[in-house]
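The values are calculated or read from the model by the stated rules, or taken from the named source; none is laboratory data. Since this is a predicted model, take the numbers as computed values, not measurements. No Cβ is skipped: glycine too gets one built from the backbone with ideal geometry, and neighbour counts run over all protein chains shown. Areas reflect the complete protein model, heavy atoms only, side chains present, ligands, DNA and RNA absent. Shrake-Rupley method; radii C 1.70, N 1.55, O 1.52, S 1.80 Å.
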Amino acid sequence: MSTVFSEEQRDCLQELINVAMGLASDKLARFLNTFVHIQVPAIELVNSAQIPAQFEAQYSSAEAALVSQGFLGNDGLRGEAIVLYQLENAHRIAALLGYDTDNASELEMLTDISSILTTTFLNGLAEQIDNSLSYSAPRVLSSRQNNMTEALIETACHWELALRVDISYQLIHHSFNCDMLLLIPGEAVLNIQQILDRIVEEY
Amino acid sequence: MSDDWLTGPILEQLSSGVLVVDEEFQLVYLNTFLQRHSSVQLTEAKGKSLFKVFADLPEAWLRRKFASVLELQSPSFSSWEQRQYVIKLPHLRPVTSSSQYMAQNCTMLPLNDPSGRRHVCMLIEDATDAFVYQQHLQTTLQKLEQSNRVDGLTQALNRRYWEEQLKLEVQRAQRYQQPLSLLLFDLDKFKQLNDQYGHLGGDCVLIELTARVRGLLRDTDWFGRYGGEEFGIVLTNTALAGAMEVAERICLAVSSKAVTFNEHSIQSSISVGVAQLDAAGERAHEVLIGQADMALYNAKREGRNRVVSYSAGETEFQLKTN
């Protein structure tokens with residue numbers, strides 16, 4: 001089974017993701033009542049096995065959190081979306097969402113923010129390919145309680161391919177960065193390739 | 001809607017709650033599960049504000065959740081791990097569970113009626129079982145942690161945990177430049193006592209002794225069983241003079257009153273070595289133990305049932321003359 005996307009498929013995917021991000025930022029801006037600028041996300045297809053090492057380098061120094069949410073659509077589209085960020089960053093938009101920054105509501109805030117980012121983005125993606133997604137409840141792993149690298153190693157080994165999407169959000173007066181990882185199992189990769197081929201043919 | 005005969009009854013039989021509100025947060029639908037648990041009748045509640053019908057809802061929080069579902073047309077979630085319940089409801093296992101209210105996982109979904117008006121549908125799953133297991137697990141882990149720290153016979157701290165605390169307290173004392181003293185004491189002629197009264201007699205003395213000593217200590221002191229009949233006490237924020245006073249009191253508390261065991265009256269005593277922290281560096285706690293041990297050795301040599309302090313400069317076990 002080939003898990004490598006052709007150049008055409010890749011371009012098509014990048015385009016879909018750009019549009020999805022645009023839709024997501026538009027929705028977020030309306031919801032937060034502030035201007036939201038999202039940079040064109042850099043996407044990269046990586047072998048899942050490489051992920052833990054990559055992220056350990058980036059996130060091990062500070063307090064970080066990981067929020068995972070499963071998604072499931074038609075035509076065998078399924079996977080797990082993981083949003084990673086440094087907690088310091090997360091506090092910044094917590095204020096915008098009207099949360100207290102005490103420890104009790106911190107986890108709740110993390111799940112809400114991540115869930116909004118994930119579902120608005122993925123809904124935008126699904127919309128373009130005439131699909132619709134349902135989601136599992138988000139789960140948080142905070143570096144305060146868990147070893148995140150271990151968790152990533154455990155998660156990543158169940159999936160063939162990871163689509164890494166670097167997202168940088170800028171709100172007026174606020175900016176924050178996070179990484180979104182879409183982990184996709186082998187057979188779903190084939191299904192996505194078929195979907196992409198269909199779209200490429202239509203144009 | 002040819003599936004109505006299916007969806008209707010299934011919705012009514014579902015052991016999860018289903019609730020629908022419109023954009024003004026007025027109740028549109030409650031399934032049987034929710035009506036029965038909350039004693040709210042849909043016929044009476046329909047069209048009323050959700051926050052009037054369920055007065056103790058976390059209103060501000062829920063409004064924000066619903067607003068995000070309506071505005072973003074994407075789902076929102078609430079987990080019992082972060083918020084035990086959204087709607088305060090009794091659950092069906094009051095006997096087997098310690099929690100009073102149903103723990104809930106909630107999913108809030110966007111839903112449009114046939115004319116396109118926007119609604120929010122909230123699905124409420126009963127997560128009481130998971131909540132109860134989690135609580136059991138936490139209690140068990142706490143107990144386990146406790147038993148991992150304590151010596152089973154005497155209930156004093158075990159050696160491993162006590163030494164960890166000594167090390168931490170030494171570091172703390174060094175950092176904040178506070179005095180710290182260590183007492184090491186040993187039950188005199190323990191072997192003889194065991195031979196005479198049996199090991200149960202010996203155990204009985206150890207238990208009674210630790211109880212008396214514990215009564216003389218502050219909450220901030222660390223009292224641990226160092227070896228068979230040897231114990232250590234870390235006295236935080238205490239200089240040598242204060243530590244000597246505590247040691248004398250402990251020594252007297254043991255020797256002044258016999259321990260009763262099987263109608264025998266067992267007279268016992270302890271020897272105590274005292275040292276104040278003066279070493280620096282990472283091995284300071286080991287140096288301190290060595291110094292208190294030297295003092296204890298001298299207390300034994302000088303005839304037992306007494307307190308001896310370590311004098312600066314002593315580098316080997318020595319018999320004090322006079």
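Where nothing but the Cβ of Lys and Arg (+1) and of Asp and Glu (-1) is charged, how large is the charge dipole of the protein assembly as shown around its Cα centre, in debye to the nearest 20? Could the numbers behind the result be given before it?
Working: 42 positive and 66 negative charges, 458 e Å.
Around 2200 debye, computed over the protein assembly as shown.
From other protein chains only, count the Cβ atoms within 10 Å of every residue's Cβ in A:31-43, then give the mean.
Numbers: counts 6, 2, 1, 0, 0, 0, 0, 0, 0, 0, 0, 0, 0.
Per residue, the average neighbour count from other chains is 1.
For peptide A:130-138, how many partner chain Cβ atoms fall within 10 Å of a residue's Cβ, on average?
Partner-chain Cβ atoms within 10 Å, mean over residues of A:130-138: 3.
For a quick size check, give me the Cα extents of the protein assembly as shown along its three principal axes, largest first, whole Å.
105, 58, 46
For peptide B:75-86, what's the mean number of Cβ atoms from other chains within 10 Å of each residue's Cβ?
Numbers: counts 11, 8, 11, 4, 7, 0, 6, 10, 4, 0, 0, 0.
Mean partner-chain Cβ count within 10 Å for B:75-86: 5.
Averaged per residue, what accessible area in Å² does region B:4-134 show with a 1.4 Å probe, protein chains only? Write out the running numbers ahead of the final one.
Details: 6640 Å² over 131 residues.
Dividing the accessible area of region B:4-134 by its residue count gives 51 Å².
What is the sum of charges around residue B:163, taking Lys and Arg as +1, Asp and Glu as -1, for the other residues whose C-beta is under 12 Å from the C-beta of residue B:163?
+2
Between chains A and B, what is the buried accessible area summed over both chains (1.4 Å probe, protein heavy atoms, nearest 100 Å²)? Provide the component values of the computation, followed by the final result.
Values: alone 10050 and 18080 Å², together 26650 Å².
Interface between A and B: roughly 1500 Å².
Quick one: with all protein chains in place, what share of the accessible area of chain B is carbon or sulfur, to the nearest percent (1.4 Å probe)?
On the way: 8770 of 17300 Å².
Whole-percent figure for carbon plus sulfur exposure: 51.
Near residue B:26, within a Cβ-to-Cβ distance under 15 Å, what is the net charge of the other residues, with Lys and Arg +1 and Asp and Glu -1?
Details: positive: B:46, B:48, B:52, B:63, B:117, B:118; negative: B:22, B:23, B:24, B:44, B:59, B:113.
With Lys, Arg at +1 and Asp, Glu at -1, the net is 0.
Considering only protein heavy atoms, what per residue accessible area in square angstrom results for region B:150-309 with a 1.4 angstrom probe? Intermediate values should be presented prior to the final figure.
On the way: 7720 Å² over 160 residues.
Accessible area per residue, region B:150-309: 48 Å².
How do B:123-132, B:77-86 rank on mean C-beta neighbours within 10 Å, highest first?
B:77-86, B:123-132
Per 10 Å bin, what is the whole-percent P(r) computed from every C-alpha pair distance within region B:121-171?
Binned Cα distances yield the sequence 21, 27, 22, 15, 9, 5.
Can you tell me which of A:111-118, A:73-80, A:125-132 comes out highest on packing, and rank the rest after it, using the mean Cβ neighbours within 10 Å?
On the way: A:111-118: 24.0, A:73-80: 18.0, A:125-132: 15.8.
Listed from highest to lowest mean packing, they are A:111-118, A:73-80, A:125-132.
Please give the helix B:4-13 orientation as an angle from the longest Cα principal axis of chain B, in degrees from 0 to 90, rounded to the nearest 10.
On a 0 to 90 degree scale, this one is about 30.
Once you compute Rg and the Kirkwood Rh from C-alpha atoms, what is the Rg to Rh ratio for region B:150-309?
On the way: Rg = 15.3 Å, Rh = 15.7 Å.
Across region B:150-309, the Cα-based Rg/Rh ratio is 0.97.
Quick check on region B:4-134: take the gyration tensor over C-alpha atoms, sort the square-rooted eigenvalues as a ≥ b ≥ c, and tell me if it's rounded (a/c under 1.5), prolate or oblate. It would help to have the intermediate numbers written out before the result.
Details: a/c = 1.68, a/b = 1.37, b/c = 1.23.
Because a/c hits 1.5 or more and a/b exceeds b/c, region B:4-134 counts as prolate.
Give me the Å³ per residue figure for the convex hull around the C-alpha atoms of chain B.
Details: hull volume 71.9 nm³, N = 322.
Value for chain B: 223 Å³ per residue.
For region B:88-212, with equal point scatterers placed on the C-alpha atoms only and solvent neglected, what are the log10 I(q)/I(0) values from the Debye formula at q = 0.11, 0.14, 0.16 1/Å, to two decimals?
Debye output, listed in q order: -0.74, -0.88, -0.96.
Rounded to the nearest 5, what % of DSSP beta bridges with both residues in chain B are antiparallel? The partial results should precede the final answer.
Values: 45 of 49 bridges.
Of all bridge pairs located within chain B, approximately 90 percent are antiparallel.
Go through B:222, B:158, B:206 and say which Cα lies farthest out towards the positive end of the charge dipole of region B:150-309; charges sit on Cβ, +1 for Lys and Arg, -1 for Asp and Glu.
The one lying farthest along the dipole's positive direction is B:222.
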